[in-house]
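Read the structure below first, then the notes.
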Amino acid sequence: VQLQAYGGGLVQAGGSLRLSCAASGRSFSSYVVGWFRQAPEKEREFVAAISRGAHSTLVDSVKGRFSITRDNAKNLVWLQMNNLKPEDTAVYYCAGSNTIITSSYRSTSGYRYWGQGTLVTVSS
């Protein structure tokens with residue numbers, strides 16, 4: 001499967017963005033999709049994941065502000081980001097795996113396929 005992340009941009013603090021992850025290939029419904037982000041000079045960190053059954057997992061710092069959803073018919077996963085903060089500034093990556101186990105959702109090593117990243121900049 002190939003993944004493409006898009007939808008990033010510049011937004012003021014308190015604003016919203018919706019990131020999209022488009023997948024090509026078959027059996028998208030069998031993939032767990034995760035979103036990760038990497039700020040300058042920082043490690044790539046987990047943000048959210050959505051399971052095959054559309055159950056979501058979010059890092060504590062974005063709970064209540066971000067949500068992740070999927071449409072298997074369209075091969076799309078969205079990360080809706082509300083009430084954005086300057087500390088959310090990063091390059092956001094989507095990743096996918098059809099073999100990942102639940103305990104590995106938050107780990108970059110659990111995902112085999114990665115999109116190219118989209119930059120989100122939140123100004124204060």
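The values are calculated or read from the model by the stated rules, or taken from the named source; none is laboratory data. As the structure is a computational prediction, the values presented were derived from the model and not from experiment. Positions of Cβ are generated from backbone atoms using ideal geometry, with glycine treated the same way; all protein chains shown enter the neighbour counts. The area values use the complete protein model at the heavy-atom level, side chains included, leaving out ligands, DNA and RNA. Shrake-Rupley method; radii C 1.70, N 1.55, O 1.52, S 1.80 Å.
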Inset, instruction - Can you work out which of the residues in region 41-65 that are at positive phi and among the small types (G, A, S) is least open to solvent (accessible area, probe 1.4 Å)? - result: A54
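Residue-by-condition table, conditions (1) modelled with pLDDT of 95 or more; (2) part of a strand (DSSP E or B); (3) of a type in the set (S, T, Y):
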{"residue": "A5", "(1), (2), (3)": "yes, yes, no"}
{"residue": "G14", "(1), (2), (3)": "yes, no, no"}
{"residue": "L19", "(1), (2), (3)": "yes, yes, no"}
{"residue": "A23", "(1), (2), (3)": "yes, yes, no"}
{"residue": "F36", "(1), (2), (3)": "yes, yes, no"}
{"residue": "K42", "(1), (2), (3)": "yes, no, no"}
{"residue": "A48", "(1), (2), (3)": "yes, yes, no"}
{"residue": "S61", "(1), (2), (3)": "yes, no, yes"}
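Does S123 fit the bill of being among the polar types (S, T, N, Q), surrounded by 13 or more Cβ atoms within 10 Å (Cβ to Cβ), over 23 Å from V1 (Cβ atoms) and modelled with pLDDT of 95 or more? Break it down into steps so the answer makes sense when it comes.
Details: among the polar types (S, T, N, Q): yes; surrounded by 13 or more Cβ atoms within 10 Å (Cβ to Cβ): no; over 23 Å from V1 (Cβ atoms): yes; modelled with pLDDT of 95 or more: yes.
No, not satisfied.
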Inset, instruction - Look at A54 and say whether it is part of a loop (DSSP other than H, G, I, E, B), in contact with a strand residue (DSSP E or B) (Cβ under 8 Å, 6 or more places away or on another chain) and in contact (Cβ under 8 Å) with a residue 12 or more places away in the chain. - result: yes
Inset, instruction - Output the residues belonging to region 101-124 that are within 15 Å of A90 (Cα to Cα) and touching a Leu at 6+ places or on another chain (Cβ under 7 Å). - result: G115, T118, V120, T121, V122, S123
Inset, instruction - Scan region 66-78 for residues that are without any contact (Cβ under 8 Å) to a residue 24 or more places away in the chain, open to solvent by 50 Å² or more (accessible area, probe 1.4 Å) and more than 26 Å from G14 (Cα to Cα) and jot them down. - result: A73, K74
Inset, instruction - Within region 79-110, work out how many residues are open to solvent by 10 Å² or more (accessible area, probe 1.4 Å), of a type in the set (F, W, Y) and within 22 Å of L17 (Cβ to Cβ). - result: 1
